[in-house]
Amino acid sequence: MANKELKNQDVRYCVERSVLHEKELGGTSPTPTNIWHSASSAAKRKLRCSRSVAKSVLFQFIPILRWLPRYPVKEWLLGDIVSGVSVGILQLPQGLAYALLAGIPPVFGLYSSFFPVFVYSFFGTSRHVSIGSFAVVSIMIGSVTETLVPNDNFILPGNDTIIDTTARDQARVELVAAITLLVGLFQVILGLVQFGFVVTYLSEPLVRGYTTAATIHVTVSQLKHIFGLPLSERSQPLSLIYSLISLFRRIHQTNIGTLVVSIIALFCLFAVKEVNQRWRSKLPMPIPIELVALIISTAVSYSVNLHERFGIGIVGDIPTGLIAPTVPNTDLFIDVVGNAFAIAVVGYTITISLAKMFAMKHGYKVDSNQELIALGLSNLTGSFFHCFAVTSSMSRSLVQESTGGNTQIAGSVSSLIILVIILKAGELFTSLPKAILSAIVIANLKGMYKQFMDISVLWRANKYDLLIWIVTFLSTICLNLDIGLGVSVVFGLLTVTFRTQLPHYSTLGQVAETDIYRDVEEYSVTKEIAGIKIFKSNTGIYFANAEHYAKALKAKMGVNVDKLIEKKKKAAMKRKRGLHKVINLAKKILANTQRGTGLEFLMNREGMVGSLRTLSEVMPNAPTLQSLGLETLDFHSLILDFAAVGFIDTVGVKMLKNVFEEFHEIEVDVYITNCPSDVLRQLERSHFFNETFTPALVFATTHDAVSYLSQNHESSSIQEVTAI
């Protein structure tokens, strides 16, 4: 933090010096060397500052330039290489499998595991996340491709069961490239405008509930490959239910060979992953069961000819070599802009969450805005090579960190492993059964399903977070991934309003012989001060909770303020009417006296007129509860503790003014303590203070107000006793 502040100071200084007039250069020679030698000291400082600013900006935009020259080769290189190889081995089957989730041929999963990963190595600030394909993002892309480019559009004429897969795959790849380009643009733009804080609106319960629901979507989408059924995907509300209904209707058409292969693969994958988990401290690296499954299943499929003999679906042709870059079709943007933004936000959320987790564990910092830019540039570059949008993967990141990875050199090594496979070994997996890839996808979701344990944890910890988790999960399950995310974010923001609208209100008491004040209902050691009430709210005061604040305040005071004010007004009015009757009667008596009715002896005229004038002018203007014969309160002062009031709007100010006036009416003085400067300025701008309610009613601390009021009340009591 200190280094960052120094760097900012240096940048500010350089910017200030850059406004010096060009004459300070001391010469007009255009060559940098002559300028430097002939310049004044101020000009030299200016040139040094310009270089410093440029260097700082360059290092911030391309972080590899900062850490690579100081890279400790002996300490870290071996660990990065081992980690990169391990991640590359894991990246291969996941890239092939997640391409099926995105609805495109598997080879594009290999492209997505190379180009974006290599680009992120230069621009990313996290040292441990593994960028590449990820199930949640892939299924979000797949839902778009299945909707906009469905199988029904490519049925060959004359045969309702044969689909032109070549034309379909070409159209889907073109659509995916457009989505990826838009995702990258959104992420880069958000990063450049310093919009990294957008992730704060996606709370952890929301993200975990969303990814858990997405896991179920992913699982259901793979069941057609597990059972060998030709089912089409849907992308609409209740699509998950429709997919399950369609699956069960055709369950009798299950390909037994495909199902057997799937069950064997799932059993082996789960068993070895359990071994990796239990013996991770003793194994030098996790057993690459996914790669082993790919190799064995491909060899068996090729030797036995599973596709021809048993009708088991295989990956098919995987072309070798890199493809030439092409510009995505921008005409498709209008159809996918909403989905692209959702994918961009979800992908960034997953990446920054993992990046911060590893950064905290290993004691370094990640730049949230630079992470947006790095992820965006990775997707932008990948879109020109027909890649689908990428993000970080929890499983690969854990492997990268646990096998000794220290920097993104590990990511570069893993991308080079994929490059070798693309150039030389891709065609070896032509006979790979698709059921194996689906089994790999499902096996890698085991950790995601453990997030259902969040329900019991959140039930004990925070009911609001639990509600966010459940609403997010159900809305994503029922409304699909894109609409579900929007509903979840809106609901998450609404819970913030609910929490501020219905905050916790408390009456404070003093801890004996201290200046500490706590809730009297929660702390038995506290005691209320005689004659003084202290009220506290734990949130800001604004239009949504202003009325509730006033009601809670009056309820906590134990007195019906509105009813007491009404009684006082009625008593005062009754007293005034009675006085008017006396005055009118007296006037009649005086009139009769003047006419000589024989009542002159009852009173002295001048003395009676003076007494009536005193009664009519003085008594009606200052009625008190005691003088009116009404109940008196057991407190004379009310303190509003604003320590937790972070903001107040104009509605809140009006409510507060009404509170002051109402309690003043029942002879209670109201004071404010611990008022933040922003709230105090808002009160001043809203003309809260006047001749009656002055800034003198605001105290720095609650204890200052209590001390002042206690001493002032004691002095007043002594003066009253002395006067008596």
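The values are calculated or read from the model by the stated rules, or taken from the named source; none is laboratory data. Computed from a predicted structure; not experimentally measured. Virtual Cβ from ideal backbone geometry, glycine too; neighbours counted across all protein chains shown. Accessible surface areas use protein heavy atoms only, side chains included; no ligands, DNA or RNA. Shrake-Rupley method; radii C 1.70, N 1.55, O 1.52, S 1.80 Å.
Brief remarks follow.
- Residue in the range 655-673 that is open to solvent by 70 Å² or more (accessible area, probe 1.4 Å), among the acidic types (Asp, Glu), out of contact with any strand residue (DSSP E or B) (no Cβ under 7 Å at 6 or more places or on another chain) and not in a helix (DSSP H, G or I) present: yes
- For the range 500-517, a residue qualifies if it is open to solvent by 60 Å² or more (accessible area, probe 1.4 Å) and closer than 25 Å to His713 by Cβ, and the qualifying residues are Ala512, Glu513, Asp515, Ile516.
- Taking the range 248-284 as the range and being touching a residue at least 24 places away in the same chain (Cβ under 8 Å), open to solvent by 50 Å² or more (accessible area, probe 1.4 Å), within 30 Å of Leu231 (Cα to Cα) and in a loop (DSSP other than H, G, I, E, B) as the test, no residue passes.
- Taking first residues from the range 300-329 that are closer than 13 Å to Thr258 by Cβ and partners that are of a type in the set (D, E, K, R) and crowded, with 16+ Cβ neighbours inside 10 Å, the Cβ contacts under 9 Å between residues at least 6 apart in sequence or on separate chains come to Ile312/Lys434; Gly313/Lys434; Ile314/Lys434.
- Residue within the range 626-647 that is β-branched (Val, Ile, Thr), in contact (Cβ under 8 Å) with a residue 12 or more places away in the chain and assigned to a helix (DSSP H, G or I) present: no
- Of Tyr210, Tyr201, all but one fail to be open to solvent by 10 Å² or more (accessible area, probe 1.4 Å), in contact (Cβ under 8 Å) with a residue 40 or more places away in the chain and within 16 Å of Thr472 (Cα to Cα); the exception is Tyr201.
- Test: residue in the range 492-506 that is in a strand (DSSP E or B), modelled with pLDDT of 90 or more and within 29 Å of Met655 (Cβ to Cβ): yes
- Per-region count, the range 338-360, residues open to solvent by 60 Å² or more (accessible area, probe 1.4 Å) and aliphatic (A, V, I, L, M): 2
- Here the helices (runs of 4 or more DSSP H) wholly within the range 375-481 that include at least 2 residues being open to solvent by less than 40 Å² (accessible area, probe 1.4 Å) are 394-402, 409-420, 434-443, 454-461.
- Among the conditions (1) buried (at least 24 other Cβ atoms within 10 Å of the Cβ); (2) among the hydrophobic types (A, V, I, L, M, F, W, C); (3) free of Cβ contacts under 8 Å to residues at least 12 places away in the same chain, Phe108 misses just one, which is (3).
- With respect to (1) within 23 Å of the chain's Cα centre (by Cα); (2) not in a helix (DSSP H, G or I); (3) not polar (S, T, N, Q), the lone exception for Ile534 is condition (1).
- Per this entry, Ser112 is not counted among residues that are farther than 28 Å from Leu148 by Cβ and in contact with a Gly (Cβ under 8 Å, 6 or more places away or on another chain).
- Pairs are defined by a Cβ separation below 8 Å, a sequence spacing of at least 6 or placement on different chains, a first member in the range 216-242 that is acidic (Asp, Glu), and a second member that is modelled with pLDDT under 85 and open to solvent by 70 Å² or more (accessible area, probe 1.4 Å); no pair meets this definition.
- Those residues of the range 285-303 which are buried (at least 16 other Cβ atoms within 10 Å of the Cβ) and β-branched (Val, Ile, Thr), in sequence order: Ile289, Thr298
- Odd one out for Ala99, checked against (1) among the hydrophobic types (A, V, I, L, M, F, W, C); (2) under 21 Å from Ala178 (Cβ atoms); (3) open to solvent by 10 Å² or more (accessible area, probe 1.4 Å): (3)
- Number of residues in the range 285-335 that are farther than 22 Å from Pro105 by Cα, among the aliphatic types (A, V, I, L, M) and in a loop (DSSP other than H, G, I, E, B): the value is 2.
- Complete set of residues in the range 689-706 that are within 17 Å of Pro676 (Cβ to Cβ) and of a type in the set (Gly, Ala, Ser): Ala700, Ala705
- Test: Phe333 is open to solvent by 60 Å² or more (accessible area, probe 1.4 Å), within 21 Å of Gly191 (Cα to Cα) and either touching a residue at least 24 places away in the same chain (Cβ under 8 Å) or among the β-branched types (Val, Ile, Thr) (or both): no
- The residues of the range 518-547 that are open to solvent by 20 Å² or more (accessible area, probe 1.4 Å), among the aliphatic types (A, V, I, L, M) and closer than 19 Å to Phe663 by Cβ, listed by number, are Ile529, Ala530.
- Cβ pairs under 7 Å, 6+ apart, first in the range 568-580 and surrounded by 13 or more Cβ atoms within 10 Å (Cβ to Cβ), second hydroxyl-bearing (Ser, Thr, Tyr): Leu579/Ser616
- Scan of the range 54-88 for residues that are open to solvent by less than 40 Å² (accessible area, probe 1.4 Å) and in a helix (DSSP H, G or I), ordered by number: Ser56, Ile64, Gly79, Asp80, Ser83, Gly84, Ser86, Val87, Gly88
- Counting only residues that are of a type in the set (Gly, Ala, Ser) and within 19 Å of Val207 (Cβ to Cβ), the range 485-512 holds 3 of them.
- For Leu244: the one exception among (1) outside any helix (DSSP H, G or I); (2) open to solvent by less than 70 Å² (accessible area, probe 1.4 Å): (1)
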